[in-house]
Structure formats: C-alpha cells, structure tokens
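Working notes, beginning with the structure itself.
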Amino acid sequence: MIRCVYLFTDDSGQSDFEEGYLQLDNTAGNDVSSLMAMARSVSFRETSSGGSFDWHNAPTIQYVVTLKGTLEFETHTDKRFVLHPGDVLLAEDITGGGHRWHLIDNEPWLRAYIALDGDAEASFVANSTL
C-alpha cells in the first residue's frame with residue numbers, strides 16, 4: 001500500500017484533505033500496480049532544508065511524490081497533515097483558499113511532480129472506505 005493524501009477544494013471553497021492510499025489491484029507476476037494514468041508532464045524539484053511556501057493553490061491536478069524530506073501542510077481551516085518520504089500527495093485544490101507547507105526536518109524536500117492529463121482517473125482510496 002502506498003500512503004496518499006488527497007488535497008481538494010471543499011464545497012465552501014477552502015482546501016481540505018483526506019488520508020488514504022493508492023489502489024493497487026492489477027497483478028502481474030509478483031507485482032501489484034495501480035491503474036495507468038496519462039500524464040501531461042513530469043518534473044522534479046528540490047527545496048533546501050528549512051524551506052516553506054506560503055498560501056497557494058495547486059497549479060494543475062497532479063501527484064506529488066516525496067522522495068526526501070518531511071513537511072507539514074496546512075489549510076486555511078487550520079487542518080494539518082505531514083508528508084514523509086515515500087508518501088504521495090494528490091493535489092486537486094486548483095481553486096479556492098489554497099494551502100501552505102513548511103519543512104519540519106533538516107533534509108531538503110526532493111519531490112517529483114506528475115501532472116495528470118485531464119481525463120486521467122486517480123487511483124486514490126480514502127481510509128474511511130476501509
């Protein structure tokens with residue numbers, strides 16, 4: 001199971017989140033995998049330790065895969081969650097109040113952005129559906 005946090009805009013126009021995982025159903029030999037999703041682009045970014053980014057929205061619907069670093073996200077409703085290396089963020093809060101983040105360890109944040117194609121279906125499953 002791959003931990004995933006789904007970040008979205010709620011009915012009041014504020015960013016909110018749900019914790020869950022990426023669905024791994026497809027079996028091939030000894031491997032399980034998620035559904036394939038078409039990506040528009042893939043990029044990598046690194047923010048030095050101690051970094052932060054003030055209020056903003058996701059620029060597009062995207063997966064953000066944390067490779068290194070630990071950071072805390074916050075919404076305008078003061079809800080918070082932490083991402084660790086290996087976690088995936090599914091960012092869909094492209095409108096509304098937005099979110100902010102800051103690094104909480106001494107590592108840089110190294111991550112991969114995978115911008116999803118408009119027709120792509122994410123394989124997120126909320127923990128509440130277990």
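The values are calculated or read from the model by the stated rules, or taken from the named source; none is laboratory data. What you see is a predicted model; the values in this text were computed from it and never measured. Counting neighbours? That spans all protein chains shown, and the Cβs are built from the backbone with ideal geometry, glycine included.
Structure notes:
- The listed residues are 50, 118, 20, 29, and the only one of them that is closer than 13 Å to residue 7 by Cα and not hydrophobic (A, V, I, L, M, F, W, C) turns out to be 20.
- When the range 27-44 is limited to residues that are surrounded by fewer than 13 Cβ atoms within 10 Å (Cβ to Cβ) and assigned to a loop (DSSP other than H, G, I, E, B), the one that is modelled with the highest pLDDT turns out to be 38.
- Within the range 21-45, the set of residues being over 19 Å from residue 60 (Cα atoms), touching a Phe, Trp or Tyr at 6+ places or on another chain (Cβ under 8 Å) and polar (S, T, N, Q) comprises just one member, 23.
- The set of residues in the range 60-78 that are surrounded by fewer than 16 Cβ atoms within 10 Å (Cβ to Cβ) and under 18 Å from residue 122 (Cβ atoms) contains only 60.
- The range 83-126 holds strands (runs of 3 or more DSSP E) entirely within its bounds, and those carrying 2 or more residues that are in contact (Cβ under 8 Å) with a residue 24 or more places away in the chain, closer than 16 Å to residue 67 by Cβ and of a type in the set (A, V, I, L, M, F, W, C) map to 88-91, 99-103, 109-116.
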